[in-house]
Each structure stands twice: as C-alpha cells, then as structure tokens.
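The values are calculated or read from the model by the stated rules, or taken from the named source; none is laboratory data. The shown structure was predicted, so the numbers you read here are calculated from the model rather than taken from an experiment. Cβ: placed from backbone, ideal geometry, glycine included. Neighbour counts: every protein chain shown.
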Amino acid sequence: MNCDIKVAFIGCGNMGGALALSAAKSGCSLMLADPDSAKMQSLADVTGGKASTNEVCAKTAQYIFMAVKPQIIGAVLKDMAPILKERTDSYVIVSMAAGVQIATIHNHLGFNCPTIRIMPNTPASVGAGVILYCTDGVSDENEQIFCKLMQGAGMIDALPEKLIDSASALSGCGPAFVYQFIEALADGAVDAGLPRDKALLYAEHTVAGAATLALKSGEHPCKLKDAVCSPGGSTIEGVRALEAGAFRSSVIEAVIASYKRTKELG
C-alpha cells in the first residue's frame with residue numbers, strides 16, 4: 001500500500017490499538033491521538049506511528065478512525081466538525097462506536113461525508129478478529145483501501161447497516177461469553193482433579209480446535225456435537241447436564257441482552 005496514505009486513530013484503547021496495529025502492517029503513515037499521552041506514546045512505539053492531536057488528525061488524515069466510546073463520540077465529532085468542513089481533499093470517517101448509526105454521526109458533524117461504520121472484536125489484536133462494516137458515500141477505491149488496512153486484523157465482512165447491531169451482539173460481545181465458557185470448562189476439570197494450568201491450556205485448545213473444525217468442515221454444529229456423543233457415554237451425560245442448566249437458552253439470552261444494550265447506547 002502507498003505509504004503516503006495517512007491514517008489516524010482518535011482513541012488508543014484496546015480496540016483502537018488492535019486496529020492501529022493492523023493498519024501499521026499495511027505500510028500507511030499512522031497518526032495517533034488520545035488524552036492519555038502515555039497510552040498514546042506506548043502505541044506509537046509499538047506501531048511506528050506518530051503521536052498527534054485530534055485537530056491535526058482532522059486536518060490531514062485520509063482515514064480517521066473514531067476509536068472512542070459511544071457516549072463521547074458526539075462531543076469529539078462536534079469539536080472536529082469545523083476543521084473537517086473546511087477540507088477540500090477527500091477523507092473517510094471510520095466509526096467503531098457501538099450502536100451509533102451513520103446518520104447520527106452525520107448529525108453530530110452537521111453535514112454528510114464518506115463514512116464507514118465498523119464493529120470489530122478483541123481477537124483482532126492477534127489477527128483473528130471479526131470486523132463487520134457498512135458504508136455511506138464511500139467510493140469503491142476507498143472501500144478497498146479500508147479493507148487492506150484491516151486485513152491484518154482478521155475476517156472482514158460487509159453488512160447492511162440494519163444488521164450491524166444484531167451481528168455485533170454476537171461477534172463483538174461473544175468473545176466475553178466464550179472466555180466465560182473456557183473458564184468454566186477449566187473449573188470443571190480442576191474440580192475433577194486436573195491442575196489449573198493444564199486445565200486452562202486444554203480448555204483453550206479444545207475451544208480453538210472445535211471452532212476450527214466447525215469452520216473447515218462446514219458441518220452444522222449439531223452434527224458435530226452428535227459425532228462426539230456415543231450412546232450411554234460420558235459426553236452425552238455432560239450434554240444432558242448443560243441442557244438441565246438451560247445452557248443454550250442462557251447463551252441466547254446473553255446475545256439478546258447485548259443487542260438491546262447496543263441499541264440503547266446508540
């Protein structure tokens with residue numbers, strides 16, 4: 001990628017930092033801005049980016065990633081709006097604020113501009129994330145550049161904006177539910193006598209392996225589950241215990257609860 005492409009990240013938290021690492025791998029010119037100067041400089045050291053300010057980013061960056069919380073994105077955009085409005089060159093706003101629609105972003109700015117709304121998840125920090133996105137007013141060329149900037153973070157998939165919130169309740173919030181499951185698997189094994197370090201290691205690899213098999217086989221999860229359950233065996237006893245504890249219903253309710261909260265935040 002052309003190293004003259006200037007990419008800015010306003011916000012250097014965990015998610016912004018993960019995507020900044022992906023962008024840095026593309027060879028772009030990276031700018032970082034955050035009120036926490038230590039956090040900003042730490043990310044600059046890791047990515048090779050330059051510490052900057054919101055104002056400088058708004059004046060010069062071609063891709064401006066808004067890596068701030070939904071509760072404050074409005075105020076940040078309103079502060080940047082006068083600078084952005086004066087620009088005569090092209091730029092793209094990329095927002096990862098949960099629940100905040102593109103129309104709301106434009107309302108905060110007071111005008112429309114090319115905008116990409118994304119919902120990444122934390123595994124992006126190790127290149128295994130899911131990055132959902134939708135666009136408004138973005139050219140095909142700029143969309144392709146965005147995808148190249150994010151390709152080091154994991155799977156990238158375009159969705160209609162009306163589906164972003166429901167999808168992000170799964171991919172954005174889902175890792176937390178998976179981590180709880182991993183911890184619970186390990187706790188069960190510890191209770192059965194396995195040392196804690198071994199229990200965590202085996203739980204992590206079991207979940208990763210099961211997900212890999214599901215992806216590569218293309219089989220429905222219920223078929224893969226049935227293949228492990230021998231008649232009268234130990235696995236079906238465990239499945240019965242999960243059913244008695246409303247395991248599937250609890251997971252469904254967790255995703256629905258996350259979806260409702262995402263809508264509230266927007």
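Of note:
- Count of region 155-211 residues which are in contact (Cβ under 8 Å) with a residue 12 or more places away in the chain and in a helix (DSSP H, G or I): 28
- Some residue of region 192-214 being modelled with pLDDT of 95 or more, at positive phi and out of contact with any Pro (no Cβ under 6 Å at 6 or more places or on another chain): yes
- Matching residues, region 173-199, being farther than 30 Å from ILE118 by Cβ, of a type in the set (D, E, K, R) and either in contact with a helix residue (DSSP H, G or I) (Cβ under 6 Å, 6 or more places away or on another chain) or surrounded by 12 or more Cβ atoms within 10 Å (Cβ to Cβ) (or both): ASP187, ARG196, LYS198
- Residue check for GLN144: surrounded by 13 or more Cβ atoms within 10 Å (Cβ to Cβ), of a type in the set (S, T, N, Q), in the same structural domain as VAL92 (by TED's automatic domain parsing) and assigned to a helix (DSSP H, G or I): no
- If you go through region 59-81 and keep only what is of a type in the set (Gly, Ala, Ser) and either closer than 22 Å to ASN121 by Cβ or in contact (Cβ under 8 Å) with a residue 40 or more places away in the chain (or both), you end up with ALA61, ALA67.
- Selection status of ALA97, surrounded by 18 or more Cβ atoms within 10 Å (Cβ to Cβ), in contact with a Gly (Cβ under 6 Å, 6 or more places away or on another chain), closer than 23 Å to PRO175 by Cβ and not hydroxyl-bearing (Ser, Thr, Tyr): no
- Residue list for region 41-73, restricted to those being within 20 Å of the chain's Cα centre (by Cα) and part of a helix (DSSP H, G or I): LEU43, VAL46, THR47, ILE73
- Per-region count, region 23-41, residues among the polar types (S, T, N, Q) and without any contact (Cβ under 8 Å) to a residue 12 or more places away in the chain: 1
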